[in-house]
Amino acid sequence: MNETKPFGMKDKLGYMMGDFGNDFTFILSTMLLTKFYTDVMGLSAAVVGTIMMLARFVDAFTDVTMGRICDRGKATPQGKFKPWILRMCVPVAIASFLMYQSGLSGLPTGAKVAYLAITYLLWGSFTYTGINIPYGSMASAISADAGDRQSLSTYRTMGGMLAGMVIGVLLPLIAYEKVSLADGTTKETLIGSKVTMAAGIFSILAIVCYLLCYKLVTERVVIESTSEDGKGTSVKEMLGNAFKNRALISIIVASVVMLLAQLTMQNMAAYVYPDYYNNAKAQSASTLLMMVGMIIAAAVAKPLANRFGKAEVSVVSNLFAAVVMVILWIVRPENVWVYCGLQMLCWLGLGVFSMVCWALITDVIDYSEIKNGVREDGTVYSLYSFARKLGQALAAGLSGWLLTAIGYSSSGAANGLRQKQEVLDGIFNIATLIPAVGFLLLAAVLWFWYPLHKKQVEENIALLKEKHNQ
């Protein structure tokens, strides 16, 4: 431990800015990439979803490789993980911007498919991996204290909330226009050039946030480099340890399910508001209401987690979110503002879990050190990161396949045409039922499979404190 600069508000704000930067590109992709490539570029939703799914097979290698690079790297005066923030902040921003080039919408279909595949791989599998895995691994190097790590988890989630608020509020206001139809009505239509402009602005803001993260955060826990000469593990041994690690496997499954539910909600918001309710501007108001729910969650998450345990609180919060989504599906409100209000309640439940989920992975890293006898923050986090991106891809893939299955017309959307009523009903079903099932499964995984409930976590922290003080 390097105690010259005690953990404090600068670390929390700096770590918050890191996820602020991450989510300027990540949330933009979850909220808009499928919608952009169906409505502006004219590709089938199933094609877009399939490309996102296939890219995750590449991540199986790039994520783990980046984690191993982090574990084997030597600490610099700035730390072991922090230098990667500086190295990768510009490449990830450029790669994100390249995905939203509306000027290429006139290319042949095959060329557009190839362009999406290449730029999506460049962003998600290489540049985003190159910055996100060191950033996530850095939490355990900032402080060894469980309370500090919970604070970092909360502030990280707040960073994502801020990015989500900026994108969720501004994007629907600037990227959609009312287009007149032949029957005299109007339809909310996504304007490609405005999406390209917004993507450029968000990329610049991402770089600024990453630089603030680099400036403010201090790594004070010295984590030794690992190698394959006895101090570390080989890839084969690492994977073997992972598959025998109940905590890691269960949190990976939980993350996949959580992202499947959460990102389906976010993906489908781009269809529910402009298509089902014909009111894209309501998505901005919904984002503000979502922030209200998340702020309440931020206020109550830490005291509840300290009192009852992170896993225990997560189970209850996800059950609550599931109940809200079932109510939405049954009531099927005609008024868009009733829908927004119930969505806020759902985000309150989901928000509590979001506030503690990053602290859960630090508990898993501690558990893995006790179980395997070696500290491998980067490797464990890389597997967790891969799981999260798999959940992202499953959400995009499932949303794309289901949109195609219910008959969503990308060519009609590109020409400003209204979807059929049965398609609109299908959009609503996807947006409510899939998240409801996901939240129920997540609660079950955390209660029945994930082993690190409150008592076990406290015992693990005591064991490691004794070990590190010897």
For THR186, which sequence-distant residues (separation of 5 or more, or a different chain) have an amide H within less than 5 Å of its own amide H, given hydrogens modelled in the peptide plane? LEU181
Tell me, what ³J(HN,Hα) does each residue in the range 154-163 have, in order and in whole Hz, if you take phi through Karplus 6.51 cos²θ - 1.76 cosθ + 1.60 with θ = phi - 60° and put x for Gly and Pro? 5, 5, 4, 5, 4, x, x, 4, 5, 5
What distance in nm lies between label points placed 7 Å from Cα along the C-beta direction at ILE94 and LEU433? 4.6
Among LYS112/LYS389; LYS35/LYS187; LYS281/LYS389; LYS5/LYS80, the pairs whose Cα-Cα distance exceeds 20 Å are LYS112/LYS389; LYS281/LYS389
Let me know the volume per residue of the alpha-carbon convex hull for the range 323-433, in Å³. 142
MRE, 222 nm, helices only [DSSP H, n ≥ 4, -39500 (n - 2.57), over the chain, to nearest 500]: -25500 deg cm²/dmol
Charge dipole magnitude, Cβ of K and R +1, D and E -1 - the chain, Cα centre, debye nearest 20: 380
Gain in span if fully extended, VAL208 to LEU107, counting 0.36 nm per residue against the direct Cα distance: 33.0 nm
Taking every pair of alpha-carbon atoms in the range 6-138, give the share separated by more than 17 Å as a whole percent. 62
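Provide the gained length on full extension for the span GLU177 to GLN456, in nm with one decimal, where the gain is 0.36 nm per separating residue minus the Cα-Cα distance. Walk me through the intermediate numbers first.
Working: separation 279, 0.36 × 279 = 100.44 nm, distance 5.37 nm.
Result for the pair: 95.1 nm of gain on full extension.
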Computed over the chain: longest principal axis from alpha-carbon atoms vs helix 128-137 long axis, angle to nearest 10 degrees, is 40
Of every hundred units of 1.4 Å-probe accessible area on the range 1-104, the number belonging to carbon and sulfur atoms, as a percent, is 70
Output ordering of 327-333, 271-277, 77-83 (per-residue mean of other Cβ within 10 Å, highest first) is 271-277, 77-83, 327-333
The simple spin-label model distance between LEU288 and PHE308, using points 7 Å out along Cα→Cβ, in nm, is 3.1
To the nearest 20 debye, the range 12-70 has a Cα-centred charge dipole, built from +1 on Lys and Arg Cβ and -1 on Asp and Glu Cβ, of 80
How long is the gain from LEU86 to VAL331 if the chain were fully straight, where each residue apart is worth 0.36 nm and the alpha carbon distance is subtracted? 83.3 nm
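How fast does the chain diffuse by Stokes-Einstein, in µm²/s, taking the Kirkwood radius from C-alpha pairs at 4 °C and 1.567 mPa s?
58
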Taking Rh as the Kirkwood radius, which is the inverse of the mean 1/r over Cα pairs, what is the Rg/Rh value for the range 251-318? 1.08
Considering the options THR287, MET17, THR404, tell which one lies farthest towards the positive end of the dipole of the chain, charges being +1 on Lys and Arg and -1 on Asp and Glu at the Cβ, about the Cα centre. MET17
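Based on the Kirkwood radius over alpha-carbon pairs, what value in µm²/s does the Stokes-Einstein equation return for the translational diffusion coefficient of the range 109-194 at 4 °C and 1.567 mPa s?
Calculated translational D: 76 µm²/s.
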For the range 253-342, what % of the accessible area comes from carbon and sulfur atoms, probe 1.4 Å? 72
Ignoring ligands, DNA and RNA, what accessible area per residue does the chain give at 1.4 Å, in Å²? 38
Label-point separation (nm) for LYS281 and LEU463, each offset 7 Å from Cα along Cα-to-Cβ? 5.8
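The values are calculated or read from the model by the stated rules, or taken from the named source; none is laboratory data. Note that the structure is predicted; figures quoted are calculated from it, not measured. Note: ideal-geometry Cβ built from the backbone for every residue, glycine included; neighbour counts use all protein chains shown. Surface areas here come from the heavy atoms of the whole protein model, side chains and all, with no ligands, DNA or RNA. Shrake-Rupley method; radii C 1.70, N 1.55, O 1.52, S 1.80 Å.
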